[in-house]
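Peer 1: Sharing a structure with you now.
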Amino acid sequence: MNRRILLAVLLVATAAVGAAGVASAAGNNSTTTTTVMPVADGGHPVAVDGVLSVTGWTYEDGRMNVTLRASQYKSVTLAASAEANGRVAQAAYRQVVLQRGDTTTVSLPADRVDGSASVSVTTGACIASGSCPTIYSDDNTGPWLTGGSEVGWLGGAGVALASCFGIGWWTLRRGNEEPEVA
């Protein structure tokens, strides 16, 4: 009888590992696009197109501050990351016009999504080429192990292992209430 209980508990714990991974993956509703965006992580210069570059950025008090430099007249649009409310996110957008040799810093409110804030920088030329950069904050102070099905799998595996050790301890400590069968 006790072996049946042990087997049942092990089956439930093993099923919990799979269910936790599925639940975690279901919570990450992300869409896939066919265009791969180059991602720059840090404050080093990033070329947007042949005319415009991002020379630096910082994330402070919920705002991304992005410094842009243009070698000739250029219209640029910046879009900040926004946390979704249900299935809709309201992102901050700024459109800036730069003259030849201009350098300007644009500040946008940006929410941290999966631990970091981001800003996409677009121009007509980078859209036509199919590749516009998205820059991310170095600030990764969100909850540990944010997002991803790894969290569910690790949590489920931890619960399964803890259950196995707990049941093993209980089995060893319960005493000899039943006679052993040879």
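The values are calculated or read from the model by the stated rules, or taken from the named source; none is laboratory data. All of these numbers come straight from a predicted model, not from anything done at the bench. Positions of Cβ are backbone-derived with ideal geometry, glycine not excepted, and every protein chain shown enters the neighbour counts. Note: areas computed on protein heavy atoms with side chains; ligands, DNA, RNA excluded. Shrake-Rupley method; radii C 1.70, N 1.55, O 1.52, S 1.80 Å.
Peer 1: Of all residues in segment 94-107, count the ones that are outside any strand (DSSP E or B) and in contact (Cβ under 8 Å) with a residue 40 or more places away in the chain. Full working, then the answer.
Peer 2: Taking segment 94-107 as the starting set, the residues that turn out to be outside any strand (DSSP E or B) are 99-102.
Pick out the ones that are also in contact (Cβ under 8 Å) with a residue 40 or more places away in the chain and you get none.
So the count comes out to 0.
Peer 1: Can you report the number of residues in segment 41-59 which are open to solvent by 30 Å² or more (accessible area, probe 1.4 Å), assigned to a strand (DSSP E or B) and at pLDDT 85 or above?
Peer 2: Residues flagged as open to solvent by 30 Å² or more (accessible area, probe 1.4 Å), assigned to a strand (DSSP E or B) and at pLDDT 85 or above within segment 41-59 amount to 5.
Peer 1: Here are the criteria: (1) over 20 Å from Ser129 (Cβ atoms); (2) open to solvent by 30 Å² or more (accessible area, probe 1.4 Å); (3) modelled with pLDDT under 60. Tell me which single one Leu10 does not satisfy.
Peer 2: Failing condition for Leu10: (3).
Peer 1: Okay, moving on. Taking segment 60-73, which residues are on the phi < 0 side of the Ramachandran plot and open to solvent by 30 Å² or more (accessible area, probe 1.4 Å)?
Peer 2: Hits for segment 60-73 are Glu60, Arg63, Asn65, Thr67, Arg69, Ser71, Gln72, Tyr73.
Peer 1: Take Asp114 and tell me if it is at positive phi, open to solvent by 40 Å² or more (accessible area, probe 1.4 Å) and at pLDDT below 90.
Peer 2: Criteria met by Asp114.
Peer 1: Given (1) of a type outside the set (Gly, Ala, Ser); (2) at pLDDT 75 or above; (3) surrounded by fewer than 16 Cβ atoms within 10 Å (Cβ to Cβ); (4) closer than 18 Å to Ala82 by Cβ, where does Trp170 come up short, assuming only one miss?
Peer 2: Evaluating Trp170 over (1) of a type outside the set (Gly, Ala, Ser); (2) at pLDDT 75 or above; (3) surrounded by fewer than 16 Cβ atoms within 10 Å (Cβ to Cβ); (4) closer than 18 Å to Ala82 by Cβ leaves (4) as the failure.
Peer 1: Related question: Confirm whether Ser120 is among the hydroxyl-bearing types (Ser, Thr, Tyr), in contact (Cβ under 8 Å) with a residue 40 or more places away in the chain and in a loop (DSSP other than H, G, I, E, B).
Peer 2: no
Peer 1: Let me ask something additional. What number of residues within segment 88-111 satisfy the criterion of being among the hydrophobic types (A, V, I, L, M, F, W, C), exposed (fewer than 12 other Cβ atoms within 10 Å of the Cβ) and at pLDDT 85 or above?
Peer 2: So the answer is 1.
Peer 1: State the number of residues belonging to segment 72-93 that are over 17 Å from Ser53 (Cβ atoms) and part of a strand (DSSP E or B).
Peer 2: 5
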